[in-house]
Every structure is written in structure tokens, then in C-alpha cells.
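Scroll down for the structure; my scribbles are underneath it.
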Amino acid sequence: MSQLAEKKNFFRKEKTWREKMEALIPGFLLLCGLLSVLTTVGIVFTLIKETASFFAEVPFVDFITGTKWTALFSEDQREFGILPLLIGSLQITLGAAVVAVPLGIGSAIYLSEYAPERIRRVIKPVLEVLAGIPTIVFGYFGVTFVTPLLRDFFPDMDFFNALSASIVVGIMILPMIASLSEDAMRSVPRNIREAAYGLGSTRLEVSLKVVLPAALSGIVASFVLALSRAVGETMAVTIIAGSTPSMSFSYLESIQTMTAFMVQASTGDISYHSLPYYSIYAVGATLFVITLTMNLLALYISRRYKEEY
Amino acid sequence: MAAEELMSKHKTALNHERAFDEERKIASRVKQRRGRNRLAHGLFFLATLVGVLVLAVLLFDIFQRGWSYVTADFMNNFASRFPSRAGIKGALWGSIWLIAITAPLTFIIGVGAAIYLEEYAKKGWISTLIQVNISNLAGVPSIVFGMLGLTIFVQILALKKSVLAGGLTLTLLILPVVIVAAREAIASVPNSLRHASLAMGATRWQTIQKVVLPYALPGIMTGTILALSRAIGETAPLIMVGAATFLAFTPGSVFDEFSALPIQIYNWVAQPKEEFSNLAAAGIIVLLVILLTMNGLAIFLRNKFQR
């Protein structure tokens, strides 16, 4: 019996210490990878847990249909209707889109179709630096430069206002749209362009009628991704747009976005496990759901409508 | 006979005239199309310039306001109610502590995850799950990571408002970026090198350790440094975790309270006094100098080791 076992193992080498240790490595590396899954689980768990405590006291319907947000007022005056915050975020996102979409697509077409190589090599890094400027710096720039400038044109505009914030957020997401759209346009195969040029098209016609339609899925996805970033933008909006939840949809008045409320609430001294504290999580969960939906939408658009060559 | 000839001559002349007319029309249309192209070229160029111009104005505005405030006192003083005595020592050291915690953690975990996905993972639901997760996390607003840090690190793990809680939160925040960059760098290592190493009898890990990683290291470093420079500028997650705005000491251990450069800047921006606004500009200059140094280092690494 033991002889048989010995025979079976005749060709099998005893594992060295090194080999035994190495067998552990993939496990450790897998753990590193799984940490990202754990992070997602942690985020969802966190939001659900604290938001559940919130909805134990505030009815869900009041939360999504209420038109007044006074979470940080004294206890008898508190109202938790998220609509004003949602409208604030929507305002900033729309305003940022008006600024960033035309400029972004213009830059993308220029960089991908028109620019000579040496100009591209200068402008691309500059846009990268712009994309790397911290949002707090944009916030400072907004209140010290953009807002005073705008007040020359609109004298009765509030000092904290949605217009200035929209423009600044638009500038912030501009490099993202420009570079993602440019990537999409550059991945359109050369021979399609050559065919259009061969038929006598101008550069503009090639750009708008050939390259743009072919890259449309990537371009639209870049819009959605950038706008999702605008929804989640925090510091610039907090500093520039103010902290007055408002249903008015006016760009010249002070407003408050979801993110700005979260900052305001956490810089004030509210105690852990109070209703205002839970309301931060309820707003955060709303924000998370919105941005996640937008990111998944962008992924879907770029996969579903991708042109294959 | 003559009449017929005359007719045909007349026809040719008519045809010529028509052709000429057509040609003129085409010429004018081509001109129009070219003109439109030139106009569009100009507009696209202007659109591109907007970004460049804003960056220039922003930098100029900030340096003009803050440059005279960046002094030795400013670097060596702690936060103060009096603008003339306020400095960024606490915030600067807080940021250094944060990076000292975040850098090694993101490097080890990020590269580990990237090696797993590129070298070990078989196509299957686990690697798909991890990949989908990473791309989703990259799009989650940073303030949501702050809430995660507040609940998990500050409260459940009872780290309080410590620099460790802040560093761990930032680690989770930039991890997706590092993993993506490290994966790209590892994927760019030619397979022939791996095969050569394995053919010489090296084990899988020896190949990774001695062949793949050294080759991919510049790319990994570039990605990590860029991600860290993003972490240094992050404000919102640190506010959620509870970074202090008014500290008169630097952290002595990872369990101490902390401030950070962007937090201090935010605090000054929020003050009504004009001097504080200029101090904020000075703080931003310090922050930008650190960021630009890190970006420069990343670009230098990329260019020096580019193959």
C-alpha cells in the first residue's frame, strides 16, 4: 500500500518553500482586487443604514415631494423636502452643460481634425493641467473673479448666485468633454475620412458629416459622464452658489445644491445620530443614485450605439 | 444644309454657355463651402482657446493676490484669528501626513489589484465583477466617499476624526485611478519578455517581480503620482470625515486630529475679511506649487522611461 503511494508520487517533486509561498500570492492579490468590491458594498451599506434611520422619522413621500428644505433649523421648524436641493443641482448641471458642451465639442473637433501636431502638443497638456486644478481653487476663482465680473453686467444679481457657479462648473468639466470626445473622434478610422476628402469634402464637412456621426456614441457618453460630475461637484458650488435652498430656478439668486447642503451640514456642529445628521445621508443617497444612473447610462450609450468598423 | 449647320453651332454655343454657367455656380459654391470651413476653423480654435485662457487668467489672478503673502512666517505659523499672524503650518503638515498614509497604501493595493487582473485572473465572473466595480467607483462623487469614511472609519472602526481616517478615505477614493493606470502599464509589457523569463525556468511570481514590474514601473509611478496629486487637492471628503479648520499643532501620530491645505483654504475663503481672501490665494499658491511639482515629476518619469 505504501509502496503504491510512493510509486504514484515518484514523478512529483516535493514543493519547495518558495513554491509554497508563491501559491499564497494570487490570494493576496485577489484580496486587493476585491477591496474595490468591498468599497462599493461599504458605500451602499453606509447609505442604506443611515438613510433608513432618516426615513423612520420622515415619510418618504414628504421627502421627494416637499418643497421646503430647512434641515438645520431648530427642531419645530424643520422640513425635509428635497425638491429645492434637486432643483439647485439641476440648475447648475444645465448651466454647466450650456457652457461646456459647445466649447467641449468645438475643442474636440479642433484638436482631432484641425490642429497641427505642434499646436496639439502644447494645448493637450494645458487642458490636462486645467483638469487637475482642485475644485476649491475654482471656487476661489469664482467668488473673487467671475462673480464680480458678472455683477458688472447684472448689477442686481446676488453675490452668491447660480449663474457664476454654472459657468465655473462648466469650465471645470470642459477638459473632460474635450478629451473624451477627442478620443472618440480620433478612433474613427482614417480611411473613412480619406474617402470623404476624395469626394471633395472640406474639413468642416468631413468633421460634421462623417467623423461626428461615427463618433457620436462616444461623444454623447462623454457629455453624460461630465454632467454626472457636475451633479456631484461640491466645493466650487458650495463657495460660489451659496446656501439658500430655493424653488425659483433663478440664475441670479443664491441657491443650494445637494452637495452644498452636505458640506454646510457637516461643517456646522450637528451631533452624530440626530435627524439633521441622517438627512445628510438621505441627500447623499439621492446624489449617489442619480450619479450612478448617469454613469451606467453613459456606459450603455457607448456600448450600445458604438459603430463597429 | 447651312441652316442645319447654323443650328448646331448655335446649340454648341448654348451648351458652352450653360456649361460656363454651371462652372461659375460650382465655383461660387466651392468658395462658399471653403469660407464656411474657414469660419468654423476659427470658431473651433476659439473654443479651444477658452480653456487655455481661463487657466491663464486663473493663475494670474491668484498669483497677483497671494504672492506677497507667501512668506517664511506664512509657512511657519499656525492658523490664527488675526490675518497677519495666520499661516499654514498645520495644514501643510496635515497634507503631508495624509500623503504619507495614502501613497504606500494605494501603491501596494492598486498594483496588487492590477497584477491580479492582468496576470492571474481568468475570464470569469470575479474579474468582471471587479472591473465593473472599478469603473463605477471612478464615477462616484468624492463627497460620497467622505460619507463612507465618516461611517466606516470614523465611527464603526472608531478612528475618530484622525488623520488615519482621512488617509484611508482618500486611499479608497483614488484607488480606482491607480488600478486603471497600473493595469495599462502592466498590459503594455511585451509578452515576449514574459515568455523568455518563463522559458528560463523562472516561476510566475519571479517573472512578475523581476521582469514585468520593473518594465511597467515608470507607467505605474506616473499614474500613482497623478492620482496622489488629485488626493492632495480633495476637500469635500475630508470635510465629511471631519478635518479641523483651526489647529495649533501638527499631527504627532496617525490617531491625531488634522487639518489639510484645501480645508484651510476653504476656511479662509469663507471668511468675510479681505485679508483672509488674500491668505486663501497664498494657500492656493502653495497647493498649486506642490501639484505642479508632482505633475512635473510624473511627466519627467513618463518621458525619461518611455520606450
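Where a number appears in this text, it was derived from the coordinates with a stated rule and is not lab data. Everything numeric in this text was worked out from a predicted model, so none of it was measured. Cβ atoms come from the backbone with ideal geometry, glycine included; neighbour counts cover every protein chain shown.
Among A:266-274, B:7-15, what's the highest-first ranking by average C-beta atoms within 10 angstrom per residue?
A:266-274, B:7-15
Kindly identify chain A as rounded, prolate or oblate by the Cα gyration tensor criterion: order the square roots of the eigenvalues as a ≥ b ≥ c, call it rounded if a/c is under 1.5, otherwise compare a/b with b/c, prolate if a/b is larger, else oblate.
oblate
How many Cβ atoms of partner chains, on average, are near each residue of B:35-43 if near means within 10 Å of its Cβ?
5
Taking the alpha-carbon centroid of each part, what is the distance from region B:180-240 to region A:38-90 in angstrom?
41
Given H placed 1.01 Å from N in the peptide plane, which residues other than close sequence neighbours of A:W69 have an amide H under 5 Å from its amide H?
A:G81
Can you put A:K20, B:K122 in order, fewest other beta carbons within 10 Å first?
Exposure proxy ranking, most exposed first: B:K122, A:K20.
What does the average come to when, for each residue of peptide A:251-261, you count the partner chain Cβ atoms lying within 10 Å of its Cβ?
1
Return the calculated 222 nm mean residue ellipticity for chain B, to the nearest 500 deg cm²/dmol, obtained by summing -39500 (n - 2.57) across DSSP H runs with n ≥ 4 and dividing by the residue count.
That comes out to -24500 deg cm²/dmol.
Place the peptides A:64-75, A:232-243 in order of packing, highest mean first, counting for every residue the other Cβ atoms within 10 Å and averaging per peptide.
Put in order of decreasing packing, that is A:232-243, A:64-75.
Once you charge only the Cβ atoms, +1 for Lys and Arg and -1 for Asp and Glu, what is the size of the charge dipole of region A:98-304 about its Cα centre, to the nearest 20 debye?
It comes to approximately 860 debye.
Quick one: putting +1 on the C-beta of Lys and Arg, -1 on the C-beta of Asp and Glu, what dipole do you get for the protein assembly as shown around its Cα centre, in Debye to the nearest 20?
Dipole about the Cα centre, nearest 20: 2460 debye.
Say the cut-off is 27 Å between C-alpha atoms; which of A:K49/B:K122; B:K123/B:K304; B:K89/B:K161; B:K122/B:K210; A:K306/B:K123 go over it?
A:K49/B:K122; B:K123/B:K304
Once you have a ≥ b ≥ c as the square roots of the Cα gyration tensor eigenvalues for the protein assembly as shown, tell me rounded if a/c is under 1.5, and otherwise prolate or oblate according to whether a/b is larger than b/c.
It comes out oblate by the Cα gyration axes.
What's the average, rounded to a whole number, of partner chain beta-carbon atoms within 10 Å of each residue's beta-carbon in B:50-60?
Partner-chain Cβ atoms within 10 Å, mean over residues of B:50-60: 6.
Quickly rank B:41-47, A:138-144 as a protection proxy: mean count of other C-beta atoms within 10 Å, highest first.
A:138-144, B:41-47
Rounded, prolate or oblate, given the Cα gyration tensor of region A:30-162, with a/c below 1.5 counting as rounded?
oblate
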